[in-house]
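*Asks:* Dropping the structure in here first, questions after.
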Amino acid sequence: MSFLTHIRESIGSEVLSLFSALVVVVVGFSIATPLFLSASNFGSIAFQLPVLGLLTLAMMVPILSGGLNLAIIYTANISGLAMAAVLMHFGGAEASLGAFFLGAIAAIVVGGLSGLLMGLVVAYLGAHPILVSLAMMIFLRGLGEFLTHGGDISGFPPYMETLGHGSLIGVPVPLLIFLAAVFIWHIKLSRTQHGFSVYMIGSNIDAAEYSGLHTRRTLAMIYTLSGVICAVAGILMAARFNSVRVGHGEALLLVTVLACFLGGLDPFGGFGRVLPVVIALIILQCLSSGLNLIGANQHLSTAVWGLFLIGVMAMRWVTSRLRE
Amino acid sequence: MNTPNEFALQMRHVSKRFGGVQALDDVSLEVKVGEVHCLAGENGCGKSTLIKIVTGVHPPEHGAEISVFGHPVAAYSPTLARASGIAVIWQDLALFPHMSVAENIGFDEMVGAKPHLANLKSIRKRAQAVMTRLGVSLDLDARLNTLPIAERQVVAIARALISDARLIFMDEPTASLTQSETDALLDIVRTLSANGVAIVFVSHRLAEVLDIAERVTVVRDGRMVGVYPTKDMTQSRLGELMTGSSLESKVSARDMSSAEAVLDVVGLTRRDEFEDISFTVGRGEVVGVIGLIGSGRTELAHALIGMSQPEAGTIRLNNASISPRSIRDAIKVGIAYVSEDRLSLGLVQQQSIADNAVVSVLSRLLGYLGLISASKKSNLVDDWIERLAVKIGTSKDAVSTLSGGNQQRVVLAKWLATEPKLLILDSPTVGVDVGARAGIFKIVRQLAEQGIAILLISDEVTEAYFNSDRILHMADGRIQSEYNPIQTTVAALEEQIYA
C-alpha cells in the first residue's frame, strides 16, 4: 500500500490514470484486430508521432504560462522553407551534409526569431498571446505563400530520407529526436529557473513579478523556445514528406491543443507536466491507427479523439468527487 | 417575558457537522429588531457556517430551534430566508461588475422566479428611493467596476434593501475600506438600525465592533463563548474572548537613536505620489508609517523597491547610494517587500507552499549542472516553515489552503530567505485573525532583534502604536510628523492623526 502511494506520488496520479487509459485502448484494439499488436503498426506509430509530438511541446509551454501559440504550424513550415532554400542554393538533391547543417541552423534561427518577436510583443506590449500569435500565424502563412507561390519545394538530398524514415539501432530517427526533445523539455520545466518561472507566471504574473522573477524575459524566452522546437518539427516534416509546403500539417494545430488538455494541462495556465502529455499523444496516435486498422473511416478517428477528451474530462470530474 | 416580535432572529442549539469536523456545537444567536449585533470570532470558528445556516444554504443538525421575526421555522431554505427578509452581503459582494448600478440594485427584481419583463424605469425609481433612504447619492448608470469598493458596498446594501430586507448580515464589510470610507459605512449602518433594520456585523477589527454594535456574540472553535454588551467591553478583553488566550498589548518601543542607519532617505519625491520624504530606519529598528490609502505610503514603498522611480531625492542603504530599477535590484541590495495585497501580489495562491517559499531565492537552490536541487529546496522550505512555525499539512499543498495568518508567515519566510537588511511590511495584518496578528508581530520583533531594519506601513493606529519604535504620520504625500509611542497614548495619537 505505502509502496503504491510512493509510486503514485513520484510519478503522479495523472500519469497513472492516463496510462490505464492507454492500456485500455491498446488491449481493446488488440482484441479487435490482430494487426494492432504488430511490429509494423508500432513502427508506423513511432514514425507518425514525432512531428505531432514536437508541435505539442511547442504549444505546451505557452499554455502553461497562461497563453497560447497559434502560429506553431506556420512557424514550423517557414523554418522548413528556410532550410529548403539553403539546400536548393547548394544544389538541391546534390547538396552536401554541410549544407544540411547550415540549413538546419537557418531553420532554427528563423523559428527562434519568429518566436522571439511574438514573445517580445506579449511581454513588453502586454498584448494577449492569442492575438499576437494569430497575427504571426497569418503573417507567416501569407509570407510563405508569397515566397513559394503556394507550391511545394521538393527534391532533397538522399540523407533527408534517412532523417525522416530511417532507424538507428532499431529505433526510428524521428522518434529519437522527439525523445531527446521530451527529455530536455521535462528537465527544463521541472528543474530549471526558467521552468519554475513558467509555472509561477502562468498562475499569477503580477505576484511573480513582485517576487523578483524575470517575468518579461521569461515570456520572451517561452515563445522563442516554442519557435525553436517548431523549427525542429519543420525540418522533420520536410524530411518525412520530402517536400516543404506552407500548408503542411495545418490540421495538427488543434490536435496539439487537444493533446495538451488530454495530458492534464490547466487551460488557464500554471499546471501541467511533460510526461502525461506524452502519454496523451501516444493514446491519440494509437486511437487513430487502431481505428484505421479495423477499417474505420479516417474522419471517424477525429470524432473519436473529441469524444475521448470529453470522456477524460468526465473521468477527472468523477475521481475528484470521489477524493472529496 | 419578551414579546415575540422583539427579536428579528432567534436561533438556539444550532449544531453542524461536516464529515469529521464539528463546525458548530450548540450555538445560539439572538438579534433584536433594529439592533446592530456583532458576530465575532477567528477565521474557522464557525461564523460563516452560522451565516450559511441562517440563509438556508446548509440545514442545521436535528435539535435546532429557529424563529424569524417571532415565527418558528421548521424547514429552512434560501427562498424562505429571503422571503422572511433576511439578506447577506458577502465579503466579495456577489455583484455584477459589468452591469450598471441600477441593474445591480434591481437584479433580484429583474430575474425573479416569475417570468416578467425587466422594467428598468421602475427599478431606477425604486433604486433612487433606496439611495435617498440611505442618505447617499450614486450615479445609477455608472458601471459597477468603475466604482471604488466602498461605493460597491453601498450598492450591495441597496440591493438588499430593495427586496425589503429587515435583517442584514454583513461579512467583513470594512476589510478593504479606508478609515473615512469605514466611517461613512458605519453611518449608513446606524441609519439602517434607526429605521428598524437589524444588522449582524462580522468584523476582525475590534475597535469598529465596539464602536458600532450594541451586543456581541463571541464564537470560538464552533462553540458559543457568550453574548456581551459592548458598553463595558475593551478591545483586549474581546480579543481574549475570541482567541481564548490573553493578548498582551503593551508598548514595545525602544530607544534606537544610537543604532546605525540602514535606510537613509533624503528628499524623495515623485509627482502626484509623494513629496520631499526624508527619514531613516536604523539597524534593528521598527519604524511605523501610519497613512491611509492615498496618502502615498504604498507609492513610497514602491519607489524603495524599484517598482517606480523617484524624480528627486536619494536612497541610501548601509551608506551606499542605491537607485533600484526593478524589484530584482532591490532584492539584490537587501530590500524585501511584503505587499499589502497578499491575495494577488504577495503569493501565487494556486501554487504550492514550497514553491512560494523559494520563489525569490531560486539562484541559491542550483546544484548539479545548474539545475534546481530538490534537496536544497526542501531543506530551505522545511527550515523556514519550522523557524516561523507555519502550520501546514505538507509543503506541496497550495498556499491558498492556508489561513490568512499562516499565509502571511509564508510571505515572511519567502522574504526572509533573501536575507534582507531592510524589510518593508505593507499592512501585514490585512485579513489576519486577532490571535494570528500577535504571532506575526512576535516574529517581527524577533527579526528586529536580529538586526533587520523594519519599515511597518499600516492604516491602523493601534497596530503601529504597539509595534513600532518610532511612528511617522504620512498624509497627502508628505510625512506630517513623528511620534514616540512611549510619550503618547493610542487615543492621543488617533486624535492627532484623524483630526
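*Asks:* Quick one: of the DSSP bridges fully inside chain B, what percent are antiparallel, nearest 5?
*Replies:* Here the antiparallel bridges make up roughly 55 percent for chain B.
*Asks:* Which whole-Hz couplings ³J(HN,Hα) result when phi for each residue of region A:37-48 is put into the Karplus expression 6.51 cos²θ - 1.76 cosθ + 1.60, θ = phi - 60°, listed in order with x for Gly and Pro?
*Replies:* 7, 10, 4, 5, 5, 4, x, 5, 4, 5, 7, 7
*Asks:* Show which lysines lie in cross-link reach of B:LYS421 when reach means a straight Cα distance below 19 angstrom and same-chain residues fewer than eight apart are skipped.
*Replies:* B:LYS332, B:LYS442
*Asks:* Contour minus end-to-end for B:SER137 and B:THR79, with contour as 0.36 nm per residue of separation and end-to-end as the Cα-Cα distance?
*Replies:* Contour length minus Cα-Cα distance gives 17.8 nm.
*Asks:* Over the Cα atoms of the protein assembly as shown, Rg to Rh with Kirkwood Rh, two decimal places?
*Replies:* 1.03
*Asks:* With Cβ to Cβ distances under 14 Å as the rule, what net charge do the other residues near B:ILE162 carry (K, R +1; D, E -1)?
*Replies:* Around B:ILE162, the charge tally is +3.
*Asks:* Sticking with this one: For B:HIS58, what residues show an amide H to amide H distance below 5 Å, using hydrogens built from the backbone and excluding near sequence neighbours?
*Replies:* B:ILE53
*Asks:* For region B:261-498, what is the relative contact order in percent, using Cα pairs closer than 8 Å and at least 6 residues apart in sequence?
*Replies:* 30 percent
*Asks:* With a ≥ b ≥ c taken as the square roots of the eigenvalues of the C-alpha gyration tensor of region B:172-272, please select rounded if a/c is under 1.5 and otherwise prolate if a/b is larger than b/c or oblate if it is not?
*Replies:* Oblate.
*Asks:* Hey, if you put +1 on the Cβ of every Lys and Arg and -1 on every Asp and Glu Cβ in region B:261-498, which of B:ILE385, B:ALA464, B:PRO428 ends up farthest toward the positive end of that dipole?
*Replies:* B:ILE385
*Asks:* How long are the three semi-axes of the equivalent ellipsoid of region B:366-407, in whole Å, if each is the root of 5 times an eigenvalue of the C-alpha gyration tensor, listed from largest down?
*Replies:* Semi-axes (√(5λ), whole Å): 24, 11, 7.
*Asks:* Given contacts defined as C-alpha pairs under 8 Å and at least six residues apart, what's the relative contact order of chain B, whole-number percent?
*Replies:* Relative CO of chain B lands at 15 percent.
*Asks:* Then there is this: Evaluate peptide B:348-357: per residue, the Cβ atoms of other protein chains within 10 Å of its Cβ; return the mean as an integer.
*Replies:* Per residue, the number of nearby Cβ atoms from other chains is 5 on average.
*Asks:* If you don't mind, there's one more thing I want to ask. For B:ALA129 and B:ASP187, what does the FRET efficiency come to when R0 = 22 Å and r is the distance between their Cβ atoms, rounded to the nearest 0.05?
*Replies:* It comes to 0.70.
*Asks:* What shape does chain A take by its C-alpha gyration tensor, where a ≥ b ≥ c are the square roots of the eigenvalues and a/c under 1.5 counts as rounded, a/b above b/c as prolate, and the rest as oblate?
*Replies:* oblate
*Asks:* Still on this structure, please answer the following. Once a ≥ b ≥ c are taken as the square roots of the eigenvalues of the Cα gyration tensor of region A:133-223, is the result rounded (a/c under 1.5), prolate (a/b larger than b/c) or oblate (a/b not larger than b/c)?
*Replies:* It is oblate, given that a/c is not under 1.5 and a/b is not larger than b/c.
*Asks:* Tell me, what ³J(HN,Hα) does each residue in region B:35-50 have, in order and in whole Hz, if you take phi through Karplus 6.51 cos²θ - 1.76 cosθ + 1.60 with θ = phi - 60° and put x for Gly and Pro?
*Replies:* Once rounded to whole Hz, the list reads 8, 9, 10, 10, 10, 10, x, 6, 3, x, 7, x, 4, 5, 4, 4.
*Asks:* Give a quick list of trypsin sites (Lys or Arg not before Pro) in region A:105-192 that DSSP marks as loop, anything other than H, G, I, E or B, with at most 11 other Cβ atoms within 10 Å.
*Replies:* When the trypsin sites (Lys or Arg not before Pro) of region A:105-192 are filtered for loop state and at most 11 Cβ neighbours within 10 Å, nothing remains.
*Asks:* Separate question: When only DSSP loop residues count, what trypsin sites (Lys or Arg not before Pro) in region B:305-407 have their Cβ near at most 16 other Cβ atoms within 10 Å?
*Replies:* The qualifying sites are B:ARG325, B:LYS391, B:LYS396.
*Asks:* Subtract the Cα-Cα distance of B:GLU61 and B:THR146 from 0.36 nm times their separation in residues, and report this length gain in nm to one decimal.
*Replies:* 26.3 nm
*Asks:* A further question follows. Please give the Cα centre distance for region B:131-182 versus region A:228-297, rounded to the nearest Å.
*Replies:* For region B:131-182 versus region A:228-297, the Cα centre distance is 52 Å.
*Asks:* Order the peptides B:170-176, B:335-341, A:176-182, A:196-202 from the highest to the lowest mean number of other Cβ atoms within 10 Å of their residues.
*Replies:* The most tightly packed comes first, giving A:196-202, B:335-341, B:170-176, A:176-182.
*Asks:* Which cross-chain or sequence-distant (5 or more) residues have an amide H under 5 Å from the amide H of B:SER427, H modelled 1.01 Å from N in plane?
*Replies:* Amide H to amide H, under 5 Å and 5 or more residues apart or across chains, B:SER427 pairs with B:ILE457, B:SER458.
*Asks:* For region B:12-69 and region B:287-321, compute the distance between their C-alpha centroids and round to whole Å.
*Replies:* Each part reduced to its Cα centre gives a spacing of 46 Å.
*Asks:* Let me ask something additional. Tell me which residues come under 5 Å, amide H to amide H, from B:VAL88 once H is placed; ignore anything under 5 positions away on its chain.
*Replies:* B:PHE169
*Asks:* Separate question: Which whole-number percent is the relative contact order of region B:1-152 (Cα, under 8 Å, 6+ apart)?
*Replies:* 19 percent
*Asks:* Using r as the Cβ-Cβ distance of B:LEU366 and B:LEU120, and R0 as 56 Å, what FRET efficiency do you calculate, to the nearest 0.05?
*Replies:* 0.35
*Asks:* Taking the DSSP beta bridges in the protein assembly as shown as the whole, what percent of them are antiparallel, to the nearest 5?
*Replies:* For the protein assembly as shown, the DSSP antiparallel bridge percentage is about 55.
*Asks:* Round to a whole angstrom and tell me the spacing of the C-alpha centers of region A:22-79 and region A:140-167.
*Replies:* Value for the Cα centre distance between the two parts: 21 Å.
*Asks:* Only helical DSSP H runs with n ≥ 4 go in: add -39500 (n - 2.57) per run for chain A, normalise by residue count and round the 222 nm mean residue ellipticity to 500 deg cm²/dmol.
*Replies:* -26000 deg cm²/dmol
*Asks:* With r defined as the distance between the Cβ atoms of B:HIS98 and A:ASP206 and R0 fixed at 22 Å, what FRET efficiency is calculated, to the nearest 0.05?
*Replies:* The computed FRET efficiency comes out at 0.55.
*Asks:* What ³J(HN,Hα) values, in whole Hz, does the Karplus curve 6.51 cos²θ - 1.76 cosθ + 1.60 give for region B:433-446 when θ = phi - 60°, with x put for Gly and Pro?
*Replies:* These are the phi-based 3J(HN,Hα) values: 4, 4, x, 5, 4, 4, x, 4, 6, 5, 4, 4, 4, 4 Hz.
*Asks:* How much mean residue ellipticity at 222 nm does chain B get from its helices, if each DSSP H run of length 4 or more adds -39500 (n - 2.57) and you divide by all residues, to the nearest 500 deg cm²/dmol?
*Replies:* Counting only the DSSP helices, I get -9500 deg cm²/dmol.
The numbers here are math on the coordinates, done by the rules we state, and not lab data. Just so we're clear, the structure is a prediction, and the values are computed from it rather than from any experiment. Backbone-built Cβ (ideal geometry, glycine too); neighbour counts: all protein chains shown.
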